[in-house]
Amino acid sequence: MSSTRREWLEADGLGGFASGTASGIRTRRYHALLLAAARPPAERFVLVNGLEATVATAAGRFALSSQRYAPGVVHPDGAARIVSFTATPWPRWTFRLEDGTVVEQEIVVPRGAPAVLVRFRASAAAILTIRPLMSGRDFHALQRENGAFRFDAEPAGDGVRFRPYDGVPATRVRSNGIYRPAPDWYRNFEYEEERARGLDFVEDLASPGEWSFDLSTGEAWMLLVAEVPGAERTPEPEAIVELERARCDRAVEAYLVERDRGLTLIAGYPWFGDWGRDTFIAIRGLCLATGRRKEAGAILSAWAGAVSEGMLPNRFPDHGETPEYNSVDASLWYAIAVHEYLASGKTPVRERDRLRKAVGEILEGYARGTRFGIRLDGDGLLASGVPGVQLTWMDAKVGDWVVTPRTGKAVEIQALWLNALRAASAWDPRWTETWRRGSESFVTRFWNPERGYLLDVADVDHVPGRDDASFRPNQILAVGGLPWSLLPQAEARRVVDAVEARLWTPLGPRSLAPGEQGYVPRYAGGVLERDGAYHQGTVWPWLAGPFVEAWVAVRGGTIEARREARARFLEPLLAHLDDAGLGHVSEIADAEAPHEPKGCPFQAWSLGELLRLDRVVLREAA
């Protein structure tokens, strides 16, 4: 397995993070040692991209780091000296030098502070030299050599401070080494993953100077702190310790971040922020399944005040304050998450009423009619969509091209709508009749015995009777993944069997069946090609949760069925924790073997659904 494919992530709980590869070679613009959020969890800047590290012993001078430069040149040769790497409890590399000296390096990110601690130790006398490679840019951007970068180091207590550009957070550095100014530019770093994505992939980085450390006197340490909110909470170097916990439980904490003195979830690393849909899907696994009920309540309560015309925002932009209300399902997933949260334990009356009020506002807004053609139809089902807008989770759009518009009555939207109605009926009986009417209409409208599976969209483009029968995984939510199934047992079994036969892969279901019009076997190329493939066959691990839950349910939920499901479906997903984003689950994978993981290597709802399967659905089969 390629050591550049295996990636590690250490998040600070504020939206910032450190990340890289097992080889130490950066392959993404997002790989960085110090990446901090100036307005947690948004406005993120890369401040320190990486390090050049060398060790001098009596036998000579040896590199510990490696960089990739255009065109495809790796220099120096530090990666060749790595004899082991582990990402737990935090990233740790062991190097063996040609003279037998062993050097260890580790990176620790304290939770709640925009900081990173780097430590080195050696088995013999050695002098360590470290050069920081710096930018000071938006985390989506790249830097080229320019005259505006400021190399000067200002005194800052027992350390130094760098202010590379106006409007960019300063970086404060403390260490037990000696600093020597030696400004220089390092040019033409090459990022393989950015090139594969069809994006700009070459960057220049500035290095203001170097630190030297005598490893014969003990370990070397360097503490880098971004001067943004939370910096005042940075612990002393000797206090930056962390208890080693179960891998998945520890990974959960990467996604829980602060926002406006509250709590939210990051959808994925390295490039996503906090998204509504992703939050409400992921929260059931990341929080409820792992016993983080307090955190779940805080997140749901924070979002309760964001309902507008029955809708919750799907995204808070990295820059600016205006949230984006462009999702039909985010609000419905919120209603499901509230239902499961309230059912999971005792809730104070004020909090319970606040959450129920938000759900009521959502249902009322949808029933009344709201943005983008979202409205209750006479059959009790939910119609949605207008030209040029992507509203469901299959939301890829390139320019004016909506790849999968799914305008009309999308199958999973009905499952969410009817489940939300049934949940709300427990405290507000006025929704009962709409739920009953919609449930009857659903089976009549979406099921065809000759076909043996469900439509993907009914009343396409709001034309009664016009159907889209493309074979997609969305139908599985009518059987599993939500509190109540919408189908009788026999029909539910046929749907599950069809999805397994046509869509299942070791990393989850494909988004479109092979042989269907528009099917794309690989997620690759530039933005146009990748977005065009995003929901046209590409595998989505988060859908493993609803599928496996449905698979078990149609077999009666027996212990034998759960054991078989754990062996057949869950074990390959658990094995994936050692691939791509270490300890996490990828966003997507290629539709065809070997199903190479793609997209974000650290994805909240993918990990959340794995945890929900492991801790809830298949718990007794462990």
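The values are calculated or read from the model by the stated rules, or taken from the named source; none is laboratory data. Please read these numbers as outputs of a predicted model, since none were measured by experiment. Here the Cβ is made from the backbone with ideal geometry for all residues, glycine too, and neighbour counts use every protein chain on show. With ligands, DNA and RNA removed, areas are computed over all heavy atoms of the protein, side chains included. Shrake-Rupley method; radii C 1.70, N 1.55, O 1.52, S 1.80 Å.
General remarks:
- Here segment 177-243 is described by how far its Cα atoms reach on the three principal axes: 44, 30, 23 Å, from widest to narrowest.
- Approximate spin-label separation residue 433-residue 140, in nm, with each point projected 7 Å along Cα-to-Cβ: 4.8 nm
- Antiparallel DSSP beta bridges within segment 97-160, as percent of all bridges there, nearest 5: 100 percent
- Qualifying aspartates and glutamates (Cα of each under 12 Å from Cα of residue 357; at least 8 residues distant if same chain): 428
- Once you reduce segment 180-229 and segment 252-305 to the center of their Cα atoms, the two points are 31 Å from each other.
- Helix 489-503 vs. the chain, principal-axis angle (Cα, 0 to 90°, nearest 10): 40 degrees
- Added length on full extension, which subtracts the Cα-Cα distance from 0.36 nm per residue, residue 73 to residue 261: 63.1 nm
- For segment 291-369, GluC sites (Glu not before Pro) meeting the loop criterion (DSSP other than H, G, I, E, B) and having at most 13 other Cβ atoms within 10 Å: 321.
- Probe 1.4 Å - accessible area at residue 540, Å² to nearest ten: 10 Å²
- Computed helical MRE - 222 nm, the chain, DSSP H runs ≥ 4 contributing -39500 (n - 2.57), nearest 500: -7000 deg cm²/dmol
- Dipole magnitude (debye, nearest 20) for the chain, charges at Cβ of Lys, Arg, Asp, Glu: 1100 debye
- Within segment 505-537, backbone nitrogen closer than 16 Å to the virtual label 7 Å beyond the Cα of residue 448 toward Cβ: 516-517
- Angle between the chain longest axis and helix 411-425 axis [Cα atoms, degrees, rounded to 10]: 80 degrees
- Order of exposure, largest accessible area first, which applies to 86, 434 with probe 1.4 Å: 86, 434
- Linear extension gain, residue 188 paired with residue 94, 0.36 nm per residue minus alpha-carbon span: 31.1 nm
- Derived scalar couplings ³J(HN,Hα) [segment 10-17; Karplus, 6.51 cos²θ - 1.76 cosθ + 1.60; whole Hz; x for Gly, Pro]: 10, 9, 9, x, 10, x, x, 6
- Carbon + sulfur, % of accessible area of the chain - ligands and nucleic acids excluded, 1.4 Å: 50 percent
- Net charge of Cβ neighbours under 12 Å - reference residue 308; Lys, Arg +1; Asp, Glu -1: -2
- A probe of 1.4 angstrom, applied to the heavy atoms of all protein chains, finds residue 131 with accessible area near 30 square angstrom.
- At a probe radius of 1.4 angstrom, the accessible area of segment 374-501 per residue rounds to 37 square angstrom.
- Degrees separating the helix 349-368 axis from the principal Cα axis of the chain, which is the longest one: 60 degrees
- Projecting the Cα positions of 483, 538, 328 onto the charge dipole of the chain (unit charges on Cβ atoms of Lys, Arg, Asp and Glu, taken about the Cα centre) puts 483 furthest along the positive direction.
- Stretch gain in nm, segment residue 217-residue 238, where the contour uses 0.36 nm per residue and the Cα spacing is subtracted: 5.9 nm
- The residues packed around residue 451, meaning those with a beta-carbon under 12 Å from its beta-carbon, carry a net charge of -3 if Lys and Arg are +1 and Asp and Glu are -1.
- Applying Stokes-Einstein at 10 °C and 1.306 mPa s to the Kirkwood radius of the chain, computed over alpha-carbon pairs, gives a translational diffusion coefficient of 62 µm² s⁻¹.
- Segment 60-127: equivalent-ellipsoid semi-axes (sqrt of 5 x gyration tensor eigenvalues, Cα, Å): 22, 18, 11
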